[in-house]
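Structure first, then comments.
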Amino acid sequence: MKSVLTVEQGRSLLRLARQTIAVKLGVETDVEAVNDPALDVEYGTFVTLKIGGNLRGCIGNLLPSGSVAEGVKRNAISAAFHDSRFSPLTAAEFDNVEIDISVLSQPQKLEYSDGADLISKLRPGIDGVILQLGRAGATFLPQVWDQLPAPELFLSHLCRKAGLVDSAWKNDHPKIEIYQVQCFEEEEE
């Protein structure tokens, strides 16, 4: 994805996410307020929280739903307190949380004939993937390729996340959409 935001705007979004979580926790923070009209653009966003490199929450929206700044605030709260895979974030954990923000391109349908063709068209590390079959659906951000670099494994885990059998990607011809992200990560102190 071509850069839609500058590095400084990405840092502003990271500060906004941290500040939003801190306020909800009642934790004092020295993060200054974010006020940048450039962050009024509309893109899908995901906020990912990690502690010690391990996932601690990840929530987002694939399509725009308000400005990037609004999406980051909403998804920061959801990732910290409403990701059903984790208990709500605590004030004791707050200082150890690492925040990543992904700004998403518009998803595009990927046409493919069979499982082998699908694998040949995916770009590991570049494409985020949305898989839908009937009412079941799930997505993996492009960053997930780091943990699941083999396309077969990536797609099998994505099927599992959607509540489908691992082989649904090759046997049931689900709808596949791809997107790219511009990712911003908090820097190590």
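Per-structure values
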| quantity | calculated |
| --- | --- |
| Tilt relative to the chain, helix 7-25 - C-alpha long axis, 0 to 90 degrees, to 10 | 70 |
| Euclidean distance between Cα centres, the stretch 127-167 to the stretch 65-93, Å | 22 |
| Neighbour-limited loop hits for GluC sites (Glu not before Pro), the stretch 72-172 (at most 11 other Cβ within 10 Å; DSSP other than H, G, I, E, B) | GLU111 |
| Percent of C-alpha pairs per 5 Å bin, the chain, short to long | 1, 8, 16, 20, 19, 15, 11, 7, 3, 1, 0 |
| Column: log10 I(q)/I(0), Debye, Cα scatterers of the stretch 34-94, q = 0.12, 0.23 Å⁻¹ | -0.31, -0.88 |
| In sequence order, calculated HN-Hα J values of the stretch 105-113 (Karplus, 6.51, -1.76, 1.60; Hz; x Gly/Pro) | 6, 5, x, 10, 5, 9, 7, 8, 8 |
| Fraction of accessible area attributable to carbon and sulfur, the chain (%, probe 1.4 Å) | 49 |
| Principal-axis tilt of helix 151-161 within the chain, Cα atoms, nearest 10 degrees | 70 |
| Per-bin percent of Cα-Cα distances, the stretch 30-134 [10 Å] | 13, 35, 32, 16, 4, 0 |
| Within a Gaussian network of the chain (alpha carbon springs, distance under 10 Å), most fluctuating of GLY125, GLY163, GLY66 | GLY163 |
| Surface per residue (accessible, 1.4 Å probe) for the chain, Å² | 51 |
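The values are calculated or read from the model by the stated rules, or taken from the named source; none is laboratory data. Just so it is clear, the structure is predicted and the values come from calculations on it, not from any experiment. Cβ atoms come from the backbone with ideal geometry, glycine included; neighbour counts cover every protein chain shown. The area values use the complete protein model at the heavy-atom level, side chains included, leaving out ligands, DNA and RNA. Shrake-Rupley method; radii C 1.70, N 1.55, O 1.52, S 1.80 Å.
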